[in-house]
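Trainee: This structure is in structure tokens; I'll ask about it shortly.
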Amino acid sequence: MPLALAQIGQKCIIKDFACSCDTRMRMVNMGFVPGCLVEVLSRVNGTLLVRVGQSRLMMDCCLATQIQVI
């Protein structure tokens with residue numbers, strides 16, 4: 001399922017990316033790698049706050065729909 005559909009407080013594991021190579025590399029540089037645990041902390045006006053490792057990152061739902069999680 002896309003990360004954008006995860007509920008607040010839900011922990012997911014990144015499975016794959018459905019985006020361009022440039023976007024994929026940008027995500028990997030921010031810590032989003034397949035097999036990594038991601039937690040959705042909040043959702044405000046189409047923006048997600050997620051925790052990846054020890055970092056908290058904001059992303060728009062358009063980008064979050066391109067991250068496949070289990």
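Trainee: Which members of region 38-52 meet the condition of being surrounded by 12 or more Cβ atoms within 10 Å (Cβ to Cβ) and free of Cβ contacts under 8 Å to residues at least 40 places away in the same chain?
Mentor: Val38, Glu39, Val40, Leu41, Ser42, Arg43, Thr47, Leu49, Arg51, Val52
Trainee: Going through region 19-40 one residue at a time, which ones are modelled with pLDDT under 95, over 15 Å from Leu57 (Cα atoms) and in contact with a strand residue (DSSP E or B) (Cβ under 6 Å, 6 or more places away or on another chain)?
Mentor: Arg24
Trainee: Just give me the residues in region 45-63 being in a strand (DSSP E or B) and under 20 Å from Met1 (Cα atoms), in sequence order.
Mentor: If the condition is that a residue be in a strand (DSSP E or B) and under 20 Å from Met1 (Cα atoms), then Thr47, Leu48, Leu49, Val50, Arg51, Val52, Leu57, Met58, Met59, Asp60 are the ones that fit.
Trainee: Moving on. Return the residues of region 11-44 that are in a loop (DSSP other than H, G, I, E, B), within 20 Å of Ile70 (Cα to Cα) and of a type outside the set (Phe, Trp, Tyr); say none if nothing qualifies.
Mentor: Across region 11-44, the qualifying residues are Ala18, Cys19, Met30, Gly31, Val33, Pro34, Gly35, Cys36.
Trainee: While we're looking at this one, here's another question. Among residues belonging to region 1-10 that are in a loop (DSSP other than H, G, I, E, B) and open to solvent by 40 Å² or more (accessible area, probe 1.4 Å), point out the one that is nearest to Ile67 (Cα to Cα).
Mentor: The residue in question is Met1.
Trainee: Here is a further query. Looking at region 11-25 only, could you name the residues that are in contact with a Phe, Trp or Tyr (Cβ under 9 Å, 6 or more places away or on another chain) and either closer than 15 Å to Ser55 by Cα or open to solvent by 70 Å² or more (accessible area, probe 1.4 Å) (or both)?
Mentor: Arg24, the sole residue that qualifies.
The values are calculated or read from the model by the stated rules, or taken from the named source; none is laboratory data. These figures come from a predicted structure and were not determined experimentally. Counting neighbours? That spans all protein chains shown, and the Cβs are built from the backbone with ideal geometry, glycine included. Accessible surface is based on the protein model in full, side chains and every heavy atom, while ligands, DNA and RNA are left aside. Shrake-Rupley method; radii C 1.70, N 1.55, O 1.52, S 1.80 Å.
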